[in-house]
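Chemist: Have a look at this one before I ask anything.
A short reminder: the numbers here are calculations on the coordinates, not readings from a lab. Note that the structure is predicted; figures quoted are calculated from it, not measured. Don't worry about glycine lacking a Cβ; one is built from the backbone with ideal geometry, like all the others, and counts go over all protein chains shown.
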Amino acid sequence: MQNQENKPMFNGKNYLSWKTMMLLELKYNDLQSFIEPEYPVKKNKLDIMTRRIILKSVEEQFHHLINKETTAYDMWGILEEQFNIVTMNTEMELY
């Protein structure tokens, strides 16, 4: 696994680029399936690892949104729901 310094950090404004980098990170570590709807698993060591990677890649000010979720899939879904539309709207305003 890579050093934490090389992992993307979500700051509330860069959701789409963070998401792209996180998908690559999770896929590289064979953990992408834990955020896919077909595979929401609780209390599995690999799911815990996936949740840890996600939590460590999100600035602390956003931890309250996801730190009580019990699966990586649920954490991913919360971030997607909260920030995908906001980021898309912000990027559209830039054009």
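Chemist: Which lysines have a Cα less than 20 Å from the Cα of residue 45, not counting those fewer than 8 places away in the same chain?
Modeler: Candidates past the 8-residue exclusion: 27, 56, 68.
Chemist: Quick one: length gained pulling residue 38 to residue 13 fully straight, 0.36 nm per residue minus the C-alpha distance? Could the numbers behind the result be given before it?
Modeler: Values: separation 25, 0.36 × 25 = 9.00 nm, distance 2.84 nm.
Net length gain for the segment: 6.2 nm.
Chemist: Another one. Please list, by residue number, every one of the GluC sites (Glu not before Pro) in the range 19-74 that is coil in DSSP and has at most 16 other beta-carbon atoms within 10 Å. Show your work: numbers first, answer last.
Modeler: On the way: sites: 25, 38, 59, 60, 69; in loops: 38, 59, 69.
Here the sparse-neighbourhood loop sites are 38, 59.
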